[in-house]
C-alpha cells in the first residue's frame, strides 16, 4: 500500500508541475477516433514541425474525445500562467497560424478561439466564451466523462492525479458490503439497455456458490451510429478498469475479462497499455496491495456479431463457441463463463462505479430523477447540427437533447431513433418524453445503450425501418424461429412497399409478425428487432399509407416512387444543379429557367442538395402535369 501511495504522490506532483503550473506551453490535441478521422494526426505533424521551426519548447498532450465531434479536430493551448484556450475544426494550416500567434506574438487569436477553461474574468478580458458555456455543452453534466478530453489516456499517472483508484482503495478499506450498499443507494441501473439494478446483479454474483468467479465487461458495442463505449475506453480506459477491479473484489472474482469489438483497434491498444500500467502500480496480480485479494484482467476481441451483446451469447463466444443466446435460467450469476458464476455489466456501468465508490451512493442521487438516478451518455448523430458524445441527467427530455444540446435540424425535424437499431422511432409529438427507462418503453421505444439518430424531412421513415430491419436480419443468429422468420417477413414486406408494390394488408402482416417476435423470441435481439417497424407504423402511419396507396415517397428517397421536377416559378437559372448532375439530365442557360429530363435522371439527389431556391421537388410519377400538386407544393 505504501508503494502505491508513493505512485499517487508522484503522479500528483507530475500533474501539478507539467499541467497546472507548467513553465512551458501545453498543447492539447484530441486524438480519439473522431479526432483522427477528422485529420488530427495531420495537425499533430504540423504542430511538431512548427515547434521545431520556431525553436519553441512546448508539451504536447494527446487527449481523448471531449464530446462535440462536429468541432474536431480540437486543439487547445495553455500558455504559462494562463487558462487553456480551445480552437476547433483545426486544419494543419490553421494550427500553424494559431501556434505562431500564441507562441511568438503573444496573441491568443480570439477570432479563431472557440472557448476557454478559465474564469469569467478571462471571458470579459478577451471576449472568448467559456468552453462549457457552448450551447451543446451547457446543459450537460459530466460524471462518466469527467476526464475525457482532459487527461492523456495513455498516461496512467494522469488518471491517478484525478483521484484515480481512490474508489477502489475506499472499497478495499471498507469491505465488499460497502460497495453493495453504495450501489444500492445510488440507484445505478445497468447502462447496457435493460436497466437492471446494478446492486442486484452484483449481490447475486457475490452470493453464488463457487470458488472460481468471473467479472466480464461487455464492450461489444454494435449499434449503428453508437460510439459511447468506444469513446470512453479511448479517452479514459482506467475508469472502466477500476470499475472492473472494484466489481472483482466485491463479488469475489479472481478474473476479469473485457469483451471488446475488434473493430475498435485504438480502444484495444489503450486498454492493453492501461492494464500494463495497473500491473506496474501493483493493482493486478496476487495479493493486491497486501489485501489478500488476487485479480487479473484479460482482453477478448470479438468478431463483430451484434448478437454477442446479449450476455449468454457473449459467454458462448468467450468459450470459443458460436455466439448464440441460450434460454435462462440458469442466469450467468449462477452459471456463466465455463459454468462458473459470472457478473456481466456494460462498459458505461463499470465506468460509473469508481465515482460512486469515491463519493457515495447519496451523492449520485443528485443527478437524474427518482427511479432513474444518475447520468447517461449518448451518441447524438444524424441530421442534428451538433453531433457528438453527450452526457445528460436521466429525466432530461428528448426535446432538450435534440433542440438545445443538438442545436436542432436544418430542415424541419421529423423523428429520432432511440436505442439503436432495435429501438423505436419517435416523432415530434413525443419530443417531450423524459429520457427514463419506463417513459421510453411506454412510448414503444427503448433507451438501449444510448444511440440517438435524429432525422429531418429528407428522411423516409419506411426506408429507415427497412435499413434497421435489414441490420437485425443480418445480425440474427437464427437460433429461434420467431426472429429468423420474422425479420425475413418484415424486410420482404418493406422492400415490396418501397418498390411501389405495397398493398394495404402488408401493413397488417407486419404488425402480426412483429407481435409474434416480441412475445416468442428467445433473446432481446428478436424481442426488440421489430421496434423500428411498430413505432414508425404507430407514429408515421400517413407516410406508410402514402407509399402503399399513392405509391409515392414524399422524402424523395425510394426510387421508382417519385420523379424530380423543376418549378419554373422558383428557378432563377443559377446553374448549380447543371454542374452537379452526373447524368446531364438538367439543361438551361444561365439566368434562364432550367429543365429536367426524367428519362435521364438517376435520382441521385445531388441537384436537390445544391438548389438554394428549393425549386427541385419530388412528385408522384402520375403527377408530372398536375398543376394542382405543383401549386400545393409552392404553398
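The values are calculated or read from the model by the stated rules, or taken from the named source; none is laboratory data. No experiment lies behind these values; they were computed from the predicted model shown. Every residue, glycine as well, gets a Cβ built from its backbone with ideal geometry; the counts of neighbours run over all protein chains shown.
One table, with the values for the structure above:
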quantity: Enumeration of residues in the range 48-69 that are surrounded by 15 or more Cβ atoms within 10 Å (Cβ to Cβ) and out of contact with any strand residue (DSSP E or B) (no Cβ under 6 Å at 6 or more places or on another chain); calculated: 50, 51, 56, 64, 66
quantity: Those residues of the range 496-523 which are surrounded by 14 or more Cβ atoms within 10 Å (Cβ to Cβ) and under 20 Å from residue 478 (Cβ atoms), in sequence order; calculated: 513, 514, 516, 517, 518, 520, 521, 522, 523
quantity: Residue ranges of helices (runs of 4 or more DSSP H) in the range 1-111 with at least 3 members touching a helix residue (DSSP H, G or I) at 6+ places or on another chain (Cβ under 8 Å) and more than 30 Å from residue 407 (Cβ to Cβ); calculated: 2-15, 40-54, 92-104
quantity: Within the range 115-133, considering residues that are under 24 Å from the mean Cα position of the chain (by Cα) and buried (at least 19 other Cβ atoms within 10 Å of the Cβ), the one nearest to residue 357 (Cα to Cα); calculated: 131
quantity: Subset of the range 382-406 [over 17 Å from the mean Cα position of the chain (by Cα) and closer than 16 Å to residue 132 by Cβ]; calculated: 404
quantity: Only listed residue being assigned to a loop (DSSP other than H, G, I, E, B) and surrounded by fewer than 21 Cβ atoms within 10 Å (Cβ to Cβ), chosen from 184, 200, 146, 170; calculated: 146
quantity: Candidates 392, 462 - the one that is surrounded by fewer than 24 Cβ atoms within 10 Å (Cβ to Cβ) and either in contact with a helix residue (DSSP H, G or I) (Cβ under 6 Å, 6 or more places away or on another chain) or not assigned by TED's automatic domain parsing to the domain that holds residue 610 (or both); calculated: 392
quantity: Residue match in the range 381-390 (condition: free of Cβ contacts under 8 Å to residues at least 60 places away in the same chain and closer than 29 Å to residue 37 by Cβ); calculated: no
quantity: Any hit, the range 435-452, residues being more than 24 Å from residue 188 (Cβ to Cβ) and either buried (at least 19 other Cβ atoms within 10 Å of the Cβ) or free of Cβ contacts under 8 Å to residues at least 12 places away in the same chain (or both); calculated: no
quantity: Close pairs (8 angstrom Cβ cut-off, 6 or more residues apart or separate chains): on the phi > 0 side of the Ramachandran plot in the range 284-304, part of a strand (DSSP E or B) and buried (at least 16 other Cβ atoms within 10 Å of the Cβ) anywhere; calculated: 285/295; 285/296; 304/261
quantity: Hits in the range 112-136 (condition: assigned to a loop (DSSP other than H, G, I, E, B), touching a helix residue (DSSP H, G or I) at 6+ places or on another chain (Cβ under 8 Å) and touching a residue at least 24 places away in the same chain (Cβ under 8 Å)); calculated: 112, 117, 128, 135, 136
quantity: Test: residue in the range 296-315 that is under 25 Å from residue 1 (Cα atoms), in contact with a helix residue (DSSP H, G or I) (Cβ under 6 Å, 6 or more places away or on another chain), surrounded by fewer than 24 Cβ atoms within 10 Å (Cβ to Cβ) and modelled with pLDDT of 95 or more; calculated: yes
quantity: Qualifying residue in the range 217-228 (condition: in the same structural domain as residue 256 (by TED's automatic domain parsing), buried (at least 24 other Cβ atoms within 10 Å of the Cβ), over 21 Å from the mean Cα position of the chain (by Cα) and modelled with pLDDT of 95 or more); calculated: no
quantity: Scope the range 322-381; condition under 20 Å from the mean Cα position of the chain (by Cα) and either assigned to a helix (DSSP H, G or I) or more than 30 Å from residue 416 (Cα to Cα) (or both); matching residues; calculated: 347, 348, 349, 350, 351, 352, 353
quantity: Residue match in the range 285-292 (condition: surrounded by 23 or more Cβ atoms within 10 Å (Cβ to Cβ) and closer than 30 Å to residue 5 by Cα); calculated: yes
quantity: Within the range 544-566, considering residues that are touching a residue at least 40 places away in the same chain (Cβ under 8 Å) and surrounded by fewer than 18 Cβ atoms within 10 Å (Cβ to Cβ), the one farthest from residue 614 (Cα to Cα); calculated: 549
